[in-house]
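Notes follow the structure.
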Amino acid sequence: MLYRVTIKNSGHEFQVAETESVLDAALREKGSVLPYGCRNGTCGSCMGTILSGEVNYPNGRPAGLSEQDQAEGKALLCQARPCSDLVIEAREVKTVGDIPVKTLPCRVERRELLAPDVMRLFLKLPNTERLQFLAGQYVDILLADGRRRGFSLANPPHADELLELHVRHVPGGFFTGFVFERMKDKALLRFQGPLGTFFLREDSPRPIILIGGGTGFAPLKGMLEHAFHIGLDRSLHLYWGARAKVDLYLDALPRRWAEQHPNFRYTPVLSEPRPEDEWQGRAGWVHEAVAADYPDLSDCDVYMSGPPPMIEAAKPVFAAQGLPADQLFYDSFEFAPR
């Protein structure tokens with residue numbers, strides 16, 4: 001059974017199955033992002049008011065909803081299941097400024113070596129916490145001496161049970177050396193986030209070109225998985241630039257996306273393919289591959305993430321091919337100073 005939810009404040013409408021929460025359904029929709037915190041009914045961040053219709057709580061009234069709140073028609077949308085069509089009153093997230101920046105502890109749930117110099121970390125937050133963020137944002141890992149190390153979130157917002165980071169080993173790097181040489185599973189860390197204004201603009205009608213260099217693939221992965229989740233029907237073309245084949249550390253994933261989603265294309269580009277790669281694909285600089293494929297960029301949105309030289313080389317080329325400055329979004333992966 002499907003029910004319709006209308007957010008009175010904005011007029012946004014979406015459908016909710018009787019077996020899912022109002023928040024889970026909202027996270028699946030374009031143009032409707034509701035605030036949340038723990039997603040388990042304790043923090044109250046997702047509280048809204050039921051103006052018409054009824055909801056129930058399969059596990060009983062959540063801890064974050066008092067009897068008085070419930071009597072006043074309030075509901076915790078992360079736990080509320082619809083029993084009918086609903087009209088609700090709730091605050092919506094429209095910009096990064098609407099999402100609170102938190103400082104939280106986390107545990108390294110597991111590590112996965114993706115390439116000789118790339119480690120994937122999965123971070124688990126306390127049971128009472130979830131991190132709300134926009135696809136493409138990053139977090140700062142807080143070190144004991146006060147230093148920070150920024151890493152993009154590679155998971156999409158709806159899949160936030162574990163936070164996913166892609167960490168490249170920087171020779172002599174303080175934190176990355178620890179990750180590769182001394183870190184154990186279940187290690188404890190602290191971070192601050194979400195941060196940054198590099199996120200997917202869902203309300204634009206233009207085709208999207210995404211360009212990642214090395215671990216710049218991480219935020220683009222989160223953006224694309226979010227786009228697939230909400231059913232974004234715009235053209236999506238991912239270019240992933242790397243030195244050699246081994247550096248395309250999750251190459252099978254975008255190839256699978258290309259098979260599953262008709263509106264998605266994937267073009268890997270190697271700048272220095274090795275003889276053993278037996279590379280038959282595109283070679284050279286990734287921004288030059290984009291320029292060759294799209295001589296007119298005036299009607300595109302371009303997202304770039306990766307090394308500063310890649311981004312700086314691309315900017316004047318893309319501008320010369322008609323890309324307006326306000327249709328270019330980028331995240332430059334600067335190494336932190338020692």
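The values are calculated or read from the model by the stated rules, or taken from the named source; none is laboratory data. Every value quoted in this text rests on a predicted model; they were computed, and no experiment measured them. Note that each Cβ is placed from the backbone with ideal geometry, even for glycine, and that neighbours are counted across all protein chains shown.
What the table shows:
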read-out	value
Which numbered condition residue 314 fails, given (1) over 30 Å from residue 172 (Cβ atoms); (2) part of a helix (DSSP H, G or I)	(1)
Residues (on the phi < 0 side of the Ramachandran plot and among the small types (Gly, Ala, Ser)) located in region 28-76	32, 37, 45, 48, 52, 63, 64, 66, 71, 75
Verdict on residue 25 being outside the structural domain of residue 124 (by TED's automatic domain parsing), touching a helix residue (DSSP H, G or I) at 6+ places or on another chain (Cβ under 9 Å) and either more than 30 Å from residue 184 (Cβ to Cβ) or of a type in the set (Asp, Glu) (or both)	no
Selection within region 200-219 - surrounded by 24 or more Cβ atoms within 10 Å (Cβ to Cβ), in contact with a helix residue (DSSP H, G or I) (Cβ under 7 Å, 6 or more places away or on another chain) and over 17 Å from residue 294 (Cβ atoms)	200, 213
In region 124-145, the residues that are buried (at least 17 other Cβ atoms within 10 Å of the Cβ) and without any contact (Cβ under 8 Å) to a residue 60 or more places away in the chain	125, 139, 140, 141, 142
Verdict on residue 19 being assigned to a loop (DSSP other than H, G, I, E, B), farther than 26 Å from residue 223 by Cβ, modelled with pLDDT of 80 or more and not assigned by TED's automatic domain parsing to the domain that holds residue 158	yes
Whichever residue in region 52-63 is touching a residue at least 24 places away in the same chain (Cβ under 8 Å) and in a loop (DSSP other than H, G, I, E, B) and, among such residues, is nearest to residue 4 (Cα to Cα)	53
Test: residue in region 215-233 that is outside any helix (DSSP H, G or I), within 18 Å of residue 304 (Cα to Cα) and touching a Pro at 6+ places or on another chain (Cβ under 6 Å)	no
Any hit, region 23-43, residues being over 20 Å from residue 229 (Cβ atoms) and aliphatic (A, V, I, L, M)	no
Cβ-Cβ under 8 Å pairs, at least 6 apart or on other chains, region 93-105 side farther than 16 Å from residue 38 by Cα, far side assigned to a strand (DSSP E or B) and modelled with pLDDT of 80 or more	96/194
Some residue of region 72-92 being outside any loop (DSSP other than H, G, I, E, B), modelled with pLDDT under 90 and farther than 24 Å from residue 2 by Cβ	no
Condition met for residue 282 (farther than 20 Å from residue 221 by Cα, modelled with pLDDT of 95 or more and among the charged types (D, E, K, R))	yes
Filter pass, residue 248 being buried (at least 16 other Cβ atoms within 10 Å of the Cβ), within 18 Å of residue 115 (Cα to Cα) and not assigned by TED's automatic domain parsing to the domain that holds residue 112	yes
Criterion: surrounded by fewer than 19 Cβ atoms within 10 Å (Cβ to Cβ), out of contact with any Ser or Thr (no Cβ under 8 Å at 6 or more places or on another chain) and under 28 Å from residue 248 (Cβ atoms) - qualifying residue of 111, 61, 107, 148	111
Residue list for region 248-295, restricted to those being outside any helix (DSSP H, G or I), acidic (Asp, Glu) and more than 28 Å from the chain's Cα centre (by Cα)	272, 278
Close pairs (7 angstrom Cβ cut-off, 6 or more residues apart or separate chains): closer than 16 Å to residue 298 by Cβ in region 309-323, of a type in the set (Asp, Glu) anywhere	321/296; 322/296
Subset tally (residues that are loosely packed, with under 15 Cβ neighbours inside 10 Å and part of a loop (DSSP other than H, G, I, E, B)) for region 317-335	4
